[in-house]
Amino acid sequence: MESARVMRSLLCLRLVFGIAAAALGSGTGSEFDTRIFDCLQWLIDPDGNPGTIDDVPDVVQNSWRINEAGGYYTDCDARWWTAIDNCEAAGIVTLWSAGNEGPASGTIGSPADRATSLTNAFSVGSVNCTSGNWPYPIHPSSSRGPSGCDAPPAYKIKPEVVGPGVDVFTCSAGGGYLLATGTSFSGPHVAGVVALLREADPDLDVPTIKSLLWDHARDLGPTGDDNSYGIGFI
């Protein structure tokens, strides 16, 4: 029991150093677009002092996507790309939950579907690690590639990696804890790996960290990169 209390205390201590930006809560359109821009801009300089850099987060996990079916947005919508690139130029690794619209192909949405390189929109799918041993199966709801972007075939494969996303023990908005499923819970596992990499070597830049995640994932599904598991399990 004492060990469990210590672990919970350490978890709470680490959570103190997390920050969040709430962009959701508005409907499709310019208001939502502006809120996303505001959040991305704030993340580059949370304390409002351009003379400090220790407030800039090492990694930002994005659990949102736009719905391209309504006509306001387009497939491979690029409106936030420059802002995202600016965040990464400031040293922030941006990660993207693939979404929960699977199992059909091409269900990954924007901005996670960006395909201007192998890893620039680093998206994370969801596998079930709780009901059996390796190899872990893809969860049916995990969104799949390929991206709808006009890009080389290798760039269109999505997601980049997968992580644990079924019955993940997490906090409840109403207090207490619950078991939750979805790519909003697999993405944070990858964010945790990024945090550990930065802890081990604070000088690692964004492309290097993404390359490490990519190069050391454990292959799942068809050999190599594929539109369910990506390059593999983180």
Report summary line: When every residue in the stretch 144-170 that is part of a loop (DSSP other than H, G, I, E, B) and among the β-branched types (Val, Ile, Thr) is compared, the one most open to solvent (accessible area, probe 1.4 Å) is Ile157
Query - Residue that is nearest to Val124 (Cα to Cα), among those in the stretch 36-69 that are part of a helix (DSSP H, G or I) and modelled with pLDDT under 90 - result: Glu68
Report summary line: Pairs returned, first residue in the stretch 125-136 that is among the basic types (Lys, Arg), second residue that is open to solvent by 80 Å² or more (accessible area, probe 1.4 Å) and outside any strand (DSSP E or B), beta-carbon separation under 6 angstrom, 6 or more apart or interchain, are none
**Report entry** Qualifying position, being more than 22 Å from Asp55 (Cα to Cα), within 17 Å of the chain's Cα centre (by Cα) and at pLDDT 95 or above, among Pro207, Pro152, Pro140, Pro164
**Finding:** Pro164
**Report entry** Single residue of Ser110, Ser105, Ser63, Ser123 found to be of a type in the set (Ser, Thr, Tyr) and under 18 Å from Ala21 (Cβ atoms)
**Finding:** Ser63
Query raised in the report: When Val194 is evaluated against the numbered criteria (1) closer than 19 Å to Ser143 by Cβ; (2) open to solvent by less than 20 Å² (accessible area, probe 1.4 Å); (3) among the hydrophobic types (A, V, I, L, M, F, W, C), which criterion, by number, is the only one it fails?
Result: (1)
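The values are calculated or read from the model by the stated rules, or taken from the named source; none is laboratory data. Not measured: the values here are computed from a predicted model. Counting neighbours? That spans all protein chains shown, and the Cβs are built from the backbone with ideal geometry, glycine included. Heads up: the accessible areas ignore ligands, DNA and RNA and are worked out on the full protein's heavy atoms, side chains in. Shrake-Rupley method; radii C 1.70, N 1.55, O 1.52, S 1.80 Å.
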